[in-house]
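The values are calculated or read from the model by the stated rules, or taken from the named source; none is laboratory data. Just so we're clear, the structure is a prediction, and the values are computed from it rather than from any experiment. Please note: Cβ atoms are built from the backbone with ideal geometry, for glycine as well, and neighbour counts cover all protein chains shown.
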Amino acid sequence: MSDMPSHNREVAVQLLGGLGNQMFQAAAGLALARRHGARLIFDVSRFRAKGLRAFALEPFGLDAEIRTGKQGLASRAQAALGLKPRHQPDWWRGRFHRESGFAYDPAFETLQPPVMIAGYFQSERYFSSIGDEIARLFSPEKLACAKALQQAECLAGDDSVALHIRRGDYAHDRNAAAVHGVLPENYYREAIRLVREQVPQARFFIASDDATTATNLAALVHGAQVLSGETAGDDLFLMSRCRHHIIANSSFSWWSAWLDRRPDGLRIAPQAWFTPEALRTRPIDDLIPPDWVRL
């Protein structure tokens, strides 16, 4: 009997969002596929040709088939009437499992192929069974250009601290601002104070999607430098090479801290991952690993 996955042993992942979101989704799909010896498929039908987001996992070289193809008019009508799951592409014939909420759902472990999963799956509990494999597959070096690899040399040692500020759509997009919002300055002040208590000679390296904000903060933090990679992948790689981490309310910097697999480093995350209104329906206890510090 062949060990190759049959057509009925397929796990499809509907990808959306930026790099950090796609990494969470792919990690959950990989764990599910490994559990059942299933073939992995990435559905990229939610990315618009002229949208801000696009498939971003190619540098990792994951063993997955890439599929596209949106719902046709008839399928969209069925979805509007509740007769078919919203956003399920026409080519998919198996079960369509939509994430039930932001918290980790143990029912995920009972899913059986063929199944397509849709959601964010932002908890390491979805892929902790293959955590070492995920860290290897998502090695940040795969994202870095030659210049970033060279720049990383200055981040060696036990005193380097990555500090990430997320603004972008959080500051300028009404929908994103309503859910996430930009973190208050007090979070960064408290995080810097805590780091300096435990790492007196701390060297801060600031990364942001807003160059002006990063430069302004660097001027206020003694000895701080701005991390300025050529791409977002460079920034994620460079942050992951720091010994300690002050992350934003962003899956992007979550991964930069998680992929630093060295023990005993400080990893500081905000309690205010979402706005107060959004936090009522989006608990973050499963998002932030228990050994990280929440401020």
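Assorted remarks:
- For segment 255-272, a residue qualifies if it is at pLDDT 95 or above and either more than 20 Å from Glu133 (Cα to Cα) or of a type in the set (Ser, Thr, Tyr) (or both), and the qualifying residues are Ser256, Leu266, Arg267, Ile268, Ala269, Pro270.
- Checked against (1) surrounded by fewer than 16 Cβ atoms within 10 Å (Cβ to Cβ); (2) in a loop (DSSP other than H, G, I, E, B); (3) touching a His at 6+ places or on another chain (Cβ under 9 Å), Ala278 meets all criteria but (2).
- Taking every residue in segment 85-110 that is free of Cβ contacts under 8 Å to residues at least 40 places away in the same chain and over 11 Å from Gln14 (Cβ atoms) and pairing it with any residue that is surrounded by fewer than 14 Cβ atoms within 10 Å (Cβ to Cβ) and not polar (S, T, N, Q), at least 6 positions away or on another chain, the pairs with Cβ-Cβ distances below 7 Å are Asp90/Gly69; Asp90/Gly72; Trp91/Gly69.
- Residues of segment 27-48 classified as assigned to a helix (DSSP H, G or I) and touching a strand residue (DSSP E or B) at 6+ places or on another chain (Cβ under 8 Å), total: 6
- Residue match in segment 231-243 (condition: farther than 14 Å from Leu143 by Cβ and either modelled with pLDDT of 95 or more or in contact with a Lys or Arg (Cβ under 9 Å, 6 or more places away or on another chain) (or both)): yes
Here is a yes/no grid of residues against (1) touching a residue at least 40 places away in the same chain (Cβ under 8 Å); (2) over 18 Å from the mean Cα position of the chain (by Cα):
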{"residue": "Val11", "(1), (2)": "yes, yes"}
{"residue": "Gln14", "(1), (2)": "yes, no"}
{"residue": "Gly18", "(1), (2)": "yes, no"}
{"residue": "Ala27", "(1), (2)": "yes, no"}
{"residue": "Leu32", "(1), (2)": "yes, no"}
{"residue": "His36", "(1), (2)": "yes, yes"}
{"residue": "Arg48", "(1), (2)": "no, yes"}
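- Some residue of segment 151-159 being outside the structural domain of Leu259 (by TED's automatic domain parsing), at positive phi and either in a loop (DSSP other than H, G, I, E, B) or in contact with a strand residue (DSSP E or B) (Cβ under 7 Å, 6 or more places away or on another chain) (or both): no
- Residue within segment 102-115 that is part of a loop (DSSP other than H, G, I, E, B) and on the phi > 0 side of the Ramachandran plot present: no
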